[in-house]
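Structure first, commentary second.
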Amino acid sequence: MGKVRLIDIAKKVGVSSVTVHNALAGQKGVSEKMRREILKAAEEMGYRQDSGAGKKGQGDGEFRTIGVIISEKYLARYSTYYWKMYQELSLAATEKQCYTAIEVLKKEAERKTMELPRIVQNNSIDGLIIIGEIEKDYVRHLKKKMEKPLVFLDFYDKEIANDAVIADNFQGMYQMTELLFAQGFTEIGFIGTIYATSSIMDRYCGFMKSVLEHRIQVPQEWIIDDRDELGQVGFELPRRLPQAFACNCDLVAGMLITQLKEKGYRIPEDISVTGFDNFLEPGFADMRITTYEINIKAMVKVALDKILKQMKNPERGRRLEIISGRIIWKNSVKMQ
């Protein structure tokens with residue numbers, strides 16, 4: 001019989017590999033009843049849990065624990081999107097025989113106190129992956145205090161966060177805007193606070209490249225901010241509306257469609273809308289928004305490979321990796 005994997009135990013018990021991993025690792029989030037059931041199944045199947053210096057995983061010694069940080073500011077509106085990214089990362093780590101330990105970075109710590117995450121303070125991780133953009137001053141502080149390998153997922157900065165994995169935000173939004181032009185639209189607006197994150201800025205730049213190539217001038221009122229300094233999402237529409245909107249994410253696209261319908265507009269007959277990410281929160285999932293799909297599985301796999309390479313050799317893997325996605329046609333763009 002071959003080696004028993006976490007996914008094998010998960011299939012037998014009827015849970016996810018993440019749940020099996022958490023149960024065997026003694027982490028929170030698993031009921032005692034389920035933990036006992038998983039442990040019993042693991043024992044019956046002959047599973048041998050590797051740990052400590054006796055582990056020969058990845059060919060160089062001990063079992064790895066990868067810390068994951070997500071800023072609290074994203075969990076208000078982006079909990080499901082970044083939680084999905086974390087779940088994919090955790091599953092990929094399981095297949096690499098690594099544990100993951102997640103911690104939420106509190107707003108107070110990120111903006112004021114600069115308190116380090118507990119998983120860093122306790123020295124309980126072998127490396128750290130940060131999901132999403134966080135305050136640059138905090139990144140600088142963290143890098144000064146922590147000597148562990150560090151990889152950024154869905155955030156890049158050439159000076160402080162250059163060992164990173166991001167989606168192809170620029171080219172993706174360029175393609176989405178070109179899609180609108182191809183359908184005959186010449187009046188196109190953009191929704192997204194340009195300076196809020198590097199991802200939104202890249203998407204805006206992709207939008208503007210397409211617009212400039214078509215020799216179109218976009219009225220300033222059609223470049224609409226969608227969030228405040230704390231990341232709270234919300235926006236107001238101008239009196240005069242364009243024929244189509246390119247939104248920086250599907251959440252905003254869903255909110256836009258809701259507002260337009262409340263004003264009596266039909267989507268896409270009157271106004272077309274595109275999103276970005278191909279991920280919608282509950283309540284928007286039935287809107288069928290034409291979008292650019294982020295390849296989350298590929299992103300987390302590359303991030304994981306990068307941090308494992310750093311663990312073996314700190315000088316390896318320190319560069320930006322850009323992962324391409326694809327256009328997903330749905331029902332929010334009028335076909336000409």
message = Per DSSP helix of 4 or more residues, -39500 (n - 2.57); summed, then divided by the residues of the chain. What does that give at 222 nm, rounded to the nearest 500?
response = -11500 deg cm²/dmol
task = Can you bin region 169-293 into rounded, prolate or oblate? Criterion: square roots of the alpha carbon gyration tensor eigenvalues sorted a ≥ b ≥ c, rounded for a/c under 1.5, prolate for a/b above b/c, oblate for the rest.
result = rounded
note = With Cα springs under 10 Å, the Gaussian network model of the chain assigns the largest mean-square fluctuation among 186, 197, 113 to 113
request  = Give the span of region 218-284's Cα atoms along each principal axis, as three whole-Å numbers ordered largest to smallest.
outcome  = 29, 26, 19
Additional length obtainable on full extension of the chain from residue 144 to residue 95, 0.36 nm per residue less Cα span = 14.5 nm
ask   = Tell me, in nm to one decimal, what length is gained between residue 209 and residue 328 on full extension, where the rule is 0.36 nm per residue of separation less the Cα-Cα distance?
value = 40.7 nm
ask   = Taking H as built 1.01 Å from N, whose amide H comes closer than 5 Å to the amide H of residue 290, not counting residues under 5 places away?
value = 275, 330, 331, 332, 333
remark   = Candidates 306, 297, 11; GNM for the chain (alpha-carbon contacts under 10 Å) flags as most fluctuating 11
task = Could you pull the Rg and Dmax for region 216-256, using just the Cα atoms, both in Å?
result = 10.8, 33
message = Antiparallel versus total DSSP beta bridges in the chain: what percent is that, nearest 5?
response = 15
key: Loop-exposed chymotrypsin sites (Phe, Trp or Tyr not before Pro) per DSSP, neighbour cap 12 Cβ within 10 angstrom, longest uninterrupted part of the chain   = 1-194
inquiry  = Give me the extension gain from residue 216 to residue 122: residue separation times 0.36 nm, minus the current Cα-Cα distance, reported in nm with one decimal.
reply    = 28.3 nm
inquiry  = How high is the relative contact order of the chain? Use alpha-carbon pairs under 8 Å, at least six apart in sequence, and give a whole percent.
reply    = 16
note = Amide H contacts under 5 Å for residue 320, restricted to residues at least 5 apart in sequence or on another chain and with H modeled in the peptide plane, are 164
message = My understanding is that a pair violates if its Cα-Cα distance is over 23 Å; which of 11/306; 144/309; 261/297; 145/306 do that in this structure?
response = 11/306; 261/297
key: Computed label-point distance, nm, for sites residue 75 and residue 270 using a 7 Å Cα→Cβ extension   = 4.0
ask   = Taking the DSSP beta bridges in region 175-277 as the whole, what percent of them are antiparallel, to the nearest 5?
value = 10
inquiry  = Quick query: amide H of residue 105 versus all other amide H atoms, modeled in the peptide plane; which residues come in under 5 Å with a sequence gap of 5 or more or a different chain?
reply    = 70, 71, 72
query = What would the Debye formula give as log10 I(q)/I(0) at q = 0.09, 0.12 Å⁻¹ for the alpha-carbon point model of the chain, no solvent?
reply = -0.55, -0.89
message = Which one, 36, 288, 203, has the greatest fluctuation when you compute a Gaussian network model over the chain with C-alpha springs under 10 angstrom?
response = 36
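Every number in this text was worked out from the coordinates using simple rules, so none of it is lab data. In this text, all values refer to a predicted model and were calculated from it rather than measured experimentally. Counting neighbours? That spans all protein chains shown, and the Cβs are built from the backbone with ideal geometry, glycine included.
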